[in-house]
Amino acid sequence: MTRTPACEPGLRITHRRYVPFSHAHYAGNLVDGAYSLGLFGDAATELCITSDGDEGLFASYSDVQFLAPVRAGDVLEVTAELVRVGTRSREIAFAATVVARGEPEVSASAARLLDEPLVATRATGVCVVPI
């Protein structure tokens, strides 16, 4: 396995995802923190494919911060940025940002783009890829 020319710090992957009501886990249509972590895994997989031509394996998180609530009806933008390249390891910085939010107090289907996106979750993790 050889690294692609893209396998350098600064490589960034972005996903957007609507948070369905089927994922609401708590009162107020809150979604559990594991939802963001699952999205980070998806973004890490694409980053490893882009950087190394392999899906890689998620090895660890060294830091996870839940900074704001994620609710059903939100649109999340998830980013994964390659920050360090080892022989087989790839250190990745993640962020999940709420860019749109449902407004059920207006109507059942009302929603709006947020003027200021809201960073909900940050994390740092490591994936490994074959040599």
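Against the conditions (1) modelled with pLDDT of 95 or more; (2) closer than 30 Å to residue 131 by Cβ; (3) crowded, with 17+ Cβ neighbours inside 10 Å, residue 7 satisfies every one except (1). Report yes if some residue within region 33-47 is of a type outside the set (Gly, Ala, Ser), within 30 Å of residue 106 (Cα to Cα), in contact with a His (Cβ under 8 Å, 6 or more places away or on another chain) and free of Cβ contacts under 8 Å to residues at least 12 places away in the same chain; otherwise report no. No, every residue in region 33-47 fails to be of a type outside the set (Gly, Ala, Ser), within 30 Å of residue 106 (Cα to Cα), in contact with a His (Cβ under 8 Å, 6 or more places away or on another chain) and free of Cβ contacts under 8 Å to residues at least 12 places away in the same chain.
Entry remark, region 1-34: residues being in a strand (DSSP E or B) and either touching a helix residue (DSSP H, G or I) at 6+ places or on another chain (Cβ under 6 Å) or of a type in the set (D, E, K, R) (or both) number 6 in total.
Looking at 62, 51 in this structure, which one is more than 22 Å from residue 104 (Cα to Cα), out of contact with any His (no Cβ under 8 Å at 6 or more places or on another chain) and surrounded by 20 or more Cβ atoms within 10 Å (Cβ to Cβ)?
On the way: 62 fails: surrounded by 20 or more Cβ atoms within 10 Å (Cβ to Cβ).
From the options 62, 51, the qualifying one is 51.
Here's the yes/no breakdown for (1) surrounded by 13 or more Cβ atoms within 10 Å (Cβ to Cβ); (2) at pLDDT below 95:
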{"residue": "17", "(1), (2)": "yes, no"}
{"residue": "23", "(1), (2)": "yes, yes"}
{"residue": "26", "(1), (2)": "no, yes"}
{"residue": "31", "(1), (2)": "yes, no"}
{"residue": "35", "(1), (2)": "yes, no"}
{"residue": "40", "(1), (2)": "yes, no"}
{"residue": "43", "(1), (2)": "yes, no"}
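If the condition is being crowded, with 17+ Cβ neighbours inside 10 Å and closer than 14 Å to residue 69 by Cβ, then region 102-131 contributes 102, 120, 121.
The values are calculated or read from the model by the stated rules, or taken from the named source; none is laboratory data. This one's a predicted model, so the numbers in the text were calculated from it and none came from an experiment. Every residue, glycine among them, receives a Cβ derived from its backbone with ideal geometry; neighbour counts consider all protein chains shown.
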